[in-house]
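Colleague: There's a structure below that I have some questions on.
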Amino acid sequence: MANKIHLAKRFNEIFNEDAQAFYFSPGRVNLIGEHIDYHGGLVFPAALDIGTYGALSVRRDNNVAIFSEGYGDNVVTFNLINLEKDKKTAWANYARGVFAVLKEAGYVIPIGVNIYIESDMPTSAGLSSSSSLELLLLKMLSDTFNLGLSKIDIALLGKKVENEYIGVLSGIMDQFIIAHGEKDHALLLNTGTLEYQSVPLELKDYALVIVNTNKRRGLSDSKYNERYNETMTAFKILSAYYTINHLTDLTSEDLPNIEKILGPLTFRRVRHIITEQERTINSAKALQKGDILTFSKYLDESHNSLRDDYEVTGIELDTLVDLLKEGGALGARMTGAGFGGCAIGIVPKEKVENLKTFVVNEYTKKIGYEPTFFTTSISEGTHAIKE
Ligand code: GLA
């Protein structure tokens, strides 16, 4: 974990001056409610204590100079006037996108800035490193230039960067939880209304383990958009038969009739969305009652549905989830967009160490490289670092 002294030192080494402000923005894990946040569904994410760190100073010209540890030795510089994407420094497009979206929304950034970025979370691991970075930048700029952005403002602007500038048609879950995260709590968020309830993540004798498949997620963005488009088409078709605002307004009782309307593939996609909404409601109830066993069963069912109906898992995630179960997890599932990235498991605390050894060995035998276990806890949303 990077502290303020370390960030100040690195900032000074790179920009030859002192940073004025320091920030942290978390990654996130989603307990359940997967691929339904672009259909107004309920999701159940939590913010992590790993994420993205940033430091900033104001310049005397109109340039933004940004350095990200781990992305080469060069400071990337762009001008506030030209915020076009640049393929050569693709990571910095998230920053260009933040400035572009702020400008479009009428927020004035009057002068350039120097920005230092560092992360203790892997990218492309399904823990939402991109939203973490977007929200870090939005919060830093809002505070520095008194833009007065609220948590919901930075969440919505971050989503805009992702949807309109980067081109991924994602929902609001990641940005919302990264802005609103609460220590030791998961948020049960209604993505249709943006109302939420914070639920203490009390797992008693169990631990939440997060494991990275370490699979590179090459085509994930186009596959993600493919699912979005398939299910939006289904929504349009079904809107002619049902009075609904979102696909998640339908219930499993409607499924036999929906099967008559849609083709087999689209039907499976919609079945995932409808049943995942119900699993999320039921699993949150179970967790609130302290019924970890029932909660875990819903995690298993969610994974099966994402594997068979929504088809966003793949051999690495399926193998990892199976091994977590074999190694003693009460329940396990992929988390995030899928196609690689991370899985989560609910594991009796006393079994965690043995399970790690078992899963690392067996996964490496089957897949050819190691998975990574994270030691992390549930933390608060994007904030300034005071100490
Ligand atoms: C990604 C997106 C989210 C959500 C998840 C799947 O993380 O950014 O909006 O759709 O995938 O649940």
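The values are calculated or read from the model by the stated rules, or taken from the named source; none is laboratory data. Since we're looking at a predicted model, the values are computed, not measured. Neighbour counts run over all protein chains shown; Cβ positions are idealised from the backbone, glycine included. Side chains included, ligands, DNA and RNA excluded: accessible areas come from the protein's heavy atoms. Shrake-Rupley method; radii C 1.70, N 1.55, O 1.52, S 1.80 Å.
Colleague: Kindly evaluate TYR116 against the criterion of being modelled with pLDDT of 95 or more and farther than 12 Å from TYR165 by Cα.
Modeller: For TYR116, the condition - modelled with pLDDT of 95 or more and farther than 12 Å from TYR165 by Cα - is met.
Colleague: Exactly one of (1) without any contact (Cβ under 8 Å) to a residue 24 or more places away in the chain; (2) surrounded by 24 or more Cβ atoms within 10 Å (Cβ to Cβ) is unmet by PHE295. Its number?
Modeller: It fails just one condition, (1).
Colleague: Only one of LYS159, LYS139, LYS183 is open to solvent by 30 Å² or more (accessible area, probe 1.4 Å), modelled with pLDDT of 95 or more and within 16 Å of the ligand (Cβ to nearest atom); which?
Modeller: Among LYS159, LYS139, LYS183, only LYS159 is open to solvent by 30 Å² or more (accessible area, probe 1.4 Å), modelled with pLDDT of 95 or more and within 16 Å of the ligand (Cβ to nearest atom).
Colleague: GLY40: over 16 Å from the mean Cα position of the chain (by Cα) and assigned to a strand (DSSP E or B), yes or no?
Modeller: No.
Colleague: As an exercise: evaluate SER124 against (1) modelled with pLDDT of 95 or more; (2) within 16 Å of the ligand (Cβ to nearest atom); (3) surrounded by fewer than 19 Cβ atoms within 10 Å (Cβ to Cβ) and give the number of the one condition it does not meet.
Modeller: (1)
Colleague: Would you confirm, using the coordinates I've provided, whether GLY112 is of a type in the set (Gly, Ala, Ser), open to solvent by less than 40 Å² (accessible area, probe 1.4 Å) and away from the ligand (no atom under 16 Å from the Cβ)?
Modeller: yes
Colleague: Just to be sure, is GLY331 crowded, with 24+ Cβ neighbours inside 10 Å and in contact with an Asp or Glu (Cβ under 6 Å, 6 or more places away or on another chain)?
Modeller: Numbers: crowded, with 24+ Cβ neighbours inside 10 Å: yes; in contact with an Asp or Glu (Cβ under 6 Å, 6 or more places away or on another chain): yes.
Yes, satisfied.
Colleague: Condition check: within 14 Å of the ligand (Cβ to nearest atom), touching a residue at least 60 places away in the same chain (Cβ under 8 Å), within 19 Å of GLU34 (Cβ to Cβ) and among the charged types (D, E, K, R). Does ASP174 satisfy that? Spell out the reasoning first.
Modeller: Numbers: within 14 Å of the ligand (Cβ to nearest atom): yes; touching a residue at least 60 places away in the same chain (Cβ under 8 Å): yes; within 19 Å of GLU34 (Cβ to Cβ): yes; among the charged types (D, E, K, R): yes.
So ASP174 passes the test.
Colleague: Return the residues of segment 89-128 that are part of a helix (DSSP H, G or I), touching a strand residue (DSSP E or B) at 6+ places or on another chain (Cβ under 9 Å) and more than 21 Å from ALA21 (Cα to Cα); say none if nothing qualifies.
Modeller: Hits for segment 89-128 are THR89, TRP91.
To keep it simple, each residue is scored yes or no on (1) in a helix (DSSP H, G or I); (2) out of contact with any Asp or Glu (no Cβ under 8 Å at 6 or more places or on another chain); (3) open to solvent by less than 30 Å² (accessible area, probe 1.4 Å).
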| site | (1), (2), (3) |
| --- | --- |
| THR231 | yes, yes, yes |
| PRO256 | yes, yes, no |
| ILE273 | yes, yes, yes |
| GLU276 | yes, no, yes |
| ALA284 | yes, yes, yes |
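Okay, residues lined up against (1) in a strand (DSSP E or B); (2) small (Gly, Ala, Ser); (3) more than 30 Å from LEU83 (Cα to Cα):
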| position | (1), (2), (3) |
| --- | --- |
| ALA155 | no, yes, no |
| TYR165 | no, no, no |
| ASP174 | no, no, no |
| ALA179 | no, yes, no |
| LEU189 | yes, no, yes |
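Colleague: Now for a different question. Go through segment 17-58 residue by residue and tally those that are charged (D, E, K, R) and away from the ligand (no atom under 13 Å from the Cβ).
Modeller: 3
Yes or no, residue by residue, for (1) among the β-branched types (Val, Ile, Thr); (2) at pLDDT 95 or above; (3) buried (at least 24 other Cβ atoms within 10 Å of the Cβ):
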{"residue": "ALA2", "(1), (2), (3)": "no, no, no"}
{"residue": "LEU7", "(1), (2), (3)": "no, yes, no"}
{"residue": "PHE11", "(1), (2), (3)": "no, yes, yes"}
{"residue": "ILE14", "(1), (2), (3)": "yes, yes, no"}
{"residue": "GLN20", "(1), (2), (3)": "no, yes, no"}
{"residue": "SER25", "(1), (2), (3)": "no, yes, yes"}
{"residue": "ILE32", "(1), (2), (3)": "yes, yes, yes"}
{"residue": "HIS35", "(1), (2), (3)": "no, yes, yes"}
{"residue": "HIS39", "(1), (2), (3)": "no, yes, yes"}
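Colleague: So, one more: Quick check on my filter: what residues within segment 59-83 are within 20 Å of LEU102 (Cβ to Cβ) and either hydrophobic (A, V, I, L, M, F, W, C) or within 25 Å of the chain's Cα centre (by Cα) (or both)?
Modeller: Hits for segment 59-83 are VAL64, ALA65, ILE66, SER68, VAL76, PHE78, LEU80, ILE81, LEU83.
Colleague: Same structure, new question: For segment 334-352, enumerate the residues that are open to solvent by less than 10 Å² (accessible area, probe 1.4 Å) and within 16 Å of the ligand (Cβ to nearest atom).
Modeller: Answer for segment 334-352, where residues must be open to solvent by less than 10 Å² (accessible area, probe 1.4 Å) and within 16 Å of the ligand (Cβ to nearest atom): MET334, THR335, GLY336, GLY338, GLY340, GLY341, CYS342, ALA343, ILE344.
Colleague: Same structure, new question: Here is a list: LEU247, LEU320. Which entry is of a type in the set (A, V, I, L, M), buried (at least 19 other Cβ atoms within 10 Å of the Cβ) and under 20 Å from THR335 (Cβ atoms)? Outline the logic, then answer.
Modeller: Values: LEU247 fails: under 20 Å from THR335 (Cβ atoms).
Every option except LEU320 fails the conditions.
Colleague: Hey, GLY167 hits all of (1) open to solvent by 30 Å² or more (accessible area, probe 1.4 Å); (2) within 11 Å of the ligand (Cβ to nearest atom) but one; which does it fall short on?
Modeller: (2)
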